[in-house]
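None of the figures in this text is laboratory data; all of them are computed from the coordinates on show. Small disclaimer: the values here were computed from a predicted structure and weren't measured. Positions of Cβ are backbone-derived with ideal geometry, glycine not excepted, and every protein chain shown enters the neighbour counts.
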Amino acid sequence: MAIDLRSDTVTKPTDGMRAAMAAAEVGDDERDGDPTTRRLEQRVAALLGKEDALFFPSGCMANQAGVWLHAGRGTEVLLDVDAHIVHSEIAATAVLSGAQVLPVVPKGLVMTAADLRAAFRPDSRYVPAPSLVCIENTHNGAGGVVTALEDMRAIRAVAAERKLPVHLDGARLWNASVASGVPLDQFAAEADSVMVAFSKGLGAPVGAALAGTREAMVRAWTARKLFGGAMRQSGILASAVLYALDHHMDRLVDDHANAKTIATIIGGAGDARVVPPDTNIVMIDLSPRHASADIVRAAKARGVLVSEWSPTRLRMVTHLDVSSADAKRAGEVVRDLLSKAD
Ligand SMILES: Cc1ncc(COP(=O)(O)O)c(C=O)c1O
């Protein structure tokens, strides 16, 4: 079987997870509540130190509900130019909330407070009013980069100067917490709404949550319904997430170690520049004489699946279904291809 490093979304439910799903107590969540979903929502709210949380079918939908809570029509949302909300959510901020994005180009790997401060437009009656600041932690496009707690606090302070709320795209906040040793609720305290995804590092088949104040989650329920995401016997899915929270959190350190192994093996081969991984994502910038598509094709022929992030950038993501031996083998295959193509 191929070693699949295209994303941490490719994991398959384990036998234990499937057994938990089969045994789940369920109800009609939209009509009068699903007990297992409610248990998950309360657990996630407690983990994130928020009053309440709501289970969503996807991270995109939960992110967009977070945007919808804060950003009105004709306003502007400030966030990193490479944020998932900017480049992978098909302009949903404009479509669903009527707000445009103001992409902030960071001086370094990810948006800092200084980058954000410099991005605000001079006040004028022509400019869209800023309504929201979003942070992505870890930052997928930058290579699983952790925004440190003090940097999040600084961004929050800049937003607060302008009385702007903050939404945190924490699809991989689990990885940020495990890598930095900072508890989830400390990161979450720096945002008004927080999205966490379950179908990535945690290995659940489906789902995400949005967390915030009780009042905000009442409004988020409306957003979820409006966006078509209200569910029925969702406890089948929520039970998989509860299982993942019990069994798959601590092992994220293995994914981070495997990413480091890959980075070390590939580093420098064929003049490639590897972004040193903070967490489970390895970005490899190729020299101009290599093309990502060629390496992706050749690696596939040797049983290793990697993604073409851009014509000159490869992405390899470690996860639950990648062992340390797999990581070593995948690193060696890509290293050999890059070296051979010299
Ligand atoms: C940073 C980030 N945010 C949001 C999402 C969206 O999550 P989903 O695929 O569950 O819609 C992803 C998915 O990869 C992501 O990487």
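Points to keep in mind about this one:
- Point-to-point label distance, THR213-SER339, nm (Cα→Cβ direction, 7 Å offset): 5.9 nm
- For the chain, the spread of Cα coordinates along the three principal axes comes to 58, 57, 34 Å, biggest extent given first.
- Each Lys and Arg Cβ is given +1 and each Asp and Glu Cβ -1; about its Cα centre, the range 73-228 then shows a dipole of about 400 debye.
- Summed residue charge, Cβ within 13 Å of THR264's Cβ, Lys/Arg positive, Asp/Glu negative: +2
- Whole-Hz ³J(HN,Hα) from phi, Karplus 6.51 cos²θ - 1.76 cosθ + 1.60, for the range 209-220, glycine and proline x: 9, 10, 10, x, 6, 4, 5, 5, 6, 5, 6, 5
- If you wrap the Cα atoms of the range 280-338 in a convex hull and average its projected area over all directions, you get 3.6 nm².
- When Rg and the Kirkwood Rh are both derived from Cα coordinates, the Rg/Rh ratio for the range 191-342 amounts to 1.10.
- Estimated vicinal HN-Hα couplings, Hz - the range 36-49 in sequence order (Karplus 6.51, -1.76, 1.60; Gly, Pro = x): 6, 4, 4, 4, 5, 4, 5, 5, 5, 4, 5, 4, 8, x
- A straight Cα-to-Cα reach below 13 Å connects LYS340 with the aspartates and glutamates ASP271, ASP294, GLU332, residues fewer than 8 places away in its own chain not being considered.
- Amide H within-cut-off set for PHE56, under 5 Å, with H built and near neighbours excluded: ALA208, ALA209, LEU210
- Taking every C-alpha pair closer than 8 Å and separated by at least 6 residues, the mean separation divided by the residue count of the chain gives a relative contact order of 25 percent.
- Inter-label distance, nm, simple model (7 Å from Cα along the C-beta direction), ARG162/GLU25: 4.8 nm
- Taking packing as the residue-averaged number of other Cβ atoms within 10 angstrom, the listed peptides 215-226, 54-65, 160-171, 286-297 run from highest to lowest as 54-65, 160-171, 215-226, 286-297.
- The HN-Hα couplings worked out from phi for the range 301-308 by the Karplus form 6.51 cos²θ - 1.76 cosθ + 1.60 (θ = phi - 60°) are 4, 9, x, 10, 9, 10, 9, 8 Hz, whole numbers, x standing for Gly and Pro.
- Two-site label geometry, GLU332 and ARG297: point separation in nm, points 7 Å out along Cα→Cβ: 2.6 nm
- Reachable lysines from LYS12, criterion Cα separation under 24 angstrom, eight or more residues apart if same chain: LYS200, LYS260, LYS300, LYS328
- When the Cα positions of ALA197, VAL10, GLN186 are compared along the charge dipole of the chain, VAL10 comes out farthest toward the positive end, with charges on each C-beta of Lys, Arg, Asp and Glu.
- Within the chain, DSSP assigns beta bridges of which about 50% are antiparallel (rounded to the nearest 5).
- Across the range 1-133, the fraction of Cα-Cα pairs farther apart than 21 Å, rounded to a whole number, is 60%.
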